[in-house]
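One structure below.
The values are calculated or read from the model by the stated rules, or taken from the named source; none is laboratory data. Keep in mind it's a predicted model, so treat the numbers as computed, not measured. Every residue, glycine as well, gets a Cβ built from its backbone with ideal geometry; the counts of neighbours run over all protein chains shown.
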Amino acid sequence: MKILVYSAKDFEIPYLEKANRRKYHLTFTKEALSSKTAMNAIGFDAISIFSADEACFITIEKLKDFGVKYIALRSVGYDNVNLRAASRLAIRVANVPAYSPYSIAEHATSLLLALNRKLIESNHRVDHFNFKLNHLVGFDLNNKTVGIIGTGKIGAIMSKIMHGFGCTLLGYDINENNDLIDKYNLDYTALKNLCEQSDIISLHVPLNTETHQMINEELISVMKQGVILINTARGSVINTEDVIEGLKNGNIGALGIDVYENEKGIFFKDHSRHIPNDDLLIKLNAMPNVLITGHHAFLTEEALTNIAETTIYNFDCWNSGKETENELTKPMNTI
């Protein structure tokens, strides 16, 4: 099997090569998949893509024409793939449903701690030998109320971590996790009530029609004054304009994000010489109570190993004529 790996990052290539064990012919390209770059897949049986790649209807049709049979995502999210088109054209698609929930939850916690205890500002002062402590006051996490929106694998780990800090936990999810109720006294409640009661809100939901811009002006208006909002899920889960307004009026006390709704074409690249023409990102970057990381919450050795191994495993299943349990499509037998 010949496989083209789109959006290949230098840091992940060694993990993919190790997991592959020379079983398949892997070709790496730094280019992202799009309708324009789909032609690069000519002569390949399969491709692997990342969360920033675009597998829309037109792209899927081109891949079919070029002979691509399999698409393996190196991510949990698959909102960038037109699964209906892939199913109709008998292109099989699979993802990596759980590579390391600890990596994401721990990163979310890092953002929270850095914002609350003003670590970036403190370090910046020390760099200039300024050791004054004015305006560096934070608060104890102990006894604070943390709202976990999305209590799947990542949200469950976040709940465990916050419980360890002595926090009171509120949860919101269409599927309740009884283990979280029993172990950490998490109380499931309505989304509005969670926003009203929480000192800290952490987002861990997939992006779909129900969660698209779920954090908007309406919910922000009922949040506790000075709430800390953390998003390591998907950028479009929040309405960025509304969040910026919430930061301006003090409704939101601080924002920590590893994802951004307009990150496509910006993240994973060096723009230091040419600042992106993105007013929302520029506004966020200028705010002292906003901490942005470039979609690297997943970047741990454990996560990269699991992503690579699961990606190759998906190809192993297809190569041997089996269906992987990570499959997202159910192709028809005939087109």
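What the table shows:
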{"quantity": "Odd one out for residue 65, checked against (1) free of Cβ contacts under 8 Å to residues at least 24 places away in the same chain; (2) within 20 Å of residue 305 (Cα to Cα); (3) of a type in the set (D, E, K, R)", "calculated": "(2)"}
{"quantity": "Of residues in region 267-290 being assigned to a loop (DSSP other than H, G, I, E, B) and in contact with a Leu (Cβ under 8 Å, 6 or more places away or on another chain), the one nearest to residue 158 (Cα to Cα)", "calculated": "289"}
{"quantity": "Residue within region 291-313 that is surrounded by fewer than 15 Cβ atoms within 10 Å (Cβ to Cβ) and not in a loop (DSSP other than H, G, I, E, B) present", "calculated": "yes"}
{"quantity": "Subset of region 262-287 (residues that are touching a residue at least 40 places away in the same chain (Cβ under 8 Å) and closer than 17 Å to residue 231 by Cα)", "calculated": "263, 264, 267, 280, 284, 287"}
{"quantity": "Any hit, region 254-269, residues being farther than 30 Å from residue 13 by Cα and at pLDDT 95 or above", "calculated": "yes"}
{"quantity": "Selection within region 80-97 - within 19 Å of residue 235 (Cα to Cα) and among the aliphatic types (A, V, I, L, M)", "calculated": "81"}
{"quantity": "Criterion (more than 29 Å from residue 254 (Cβ to Cβ), surrounded by 19 or more Cβ atoms within 10 Å (Cβ to Cβ) and out of contact with any His (no Cβ under 7 Å at 6 or more places or on another chain)) met by exactly one of 104, 91", "calculated": "91"}
{"quantity": "Residue 209 vs. criteria over 27 Å from residue 281 (Cβ atoms), within 20 Å of the chain's Cα centre (by Cα) and polar (S, T, N, Q)", "calculated": "no"}
{"quantity": "Only listed residue being outside the structural domain of residue 158 (by TED's automatic domain parsing) and either in contact with a Pro (Cβ under 8 Å, 6 or more places away or on another chain) or not acidic (Asp, Glu) (or both), chosen from 216, 239, 285, 306", "calculated": "306"}
{"quantity": "Some residue of region 324-334 being within 28 Å of residue 13 (Cβ to Cβ), part of a loop (DSSP other than H, G, I, E, B), touching a Cys at 6+ places or on another chain (Cβ under 7 Å) and outside the structural domain of residue 32 (by TED's automatic domain parsing)", "calculated": "yes"}
{"quantity": "Flag if residue 284 is of a type outside the set (Gly, Ala, Ser) and crowded, with 23+ Cβ neighbours inside 10 Å", "calculated": "no"}
{"quantity": "Unmet requirement for residue 138, which otherwise passes all of (1) small (Gly, Ala, Ser); (2) out of contact with any Ser or Thr (no Cβ under 8 Å at 6 or more places or on another chain); (3) buried (at least 23 other Cβ atoms within 10 Å of the Cβ)", "calculated": "(3)"}
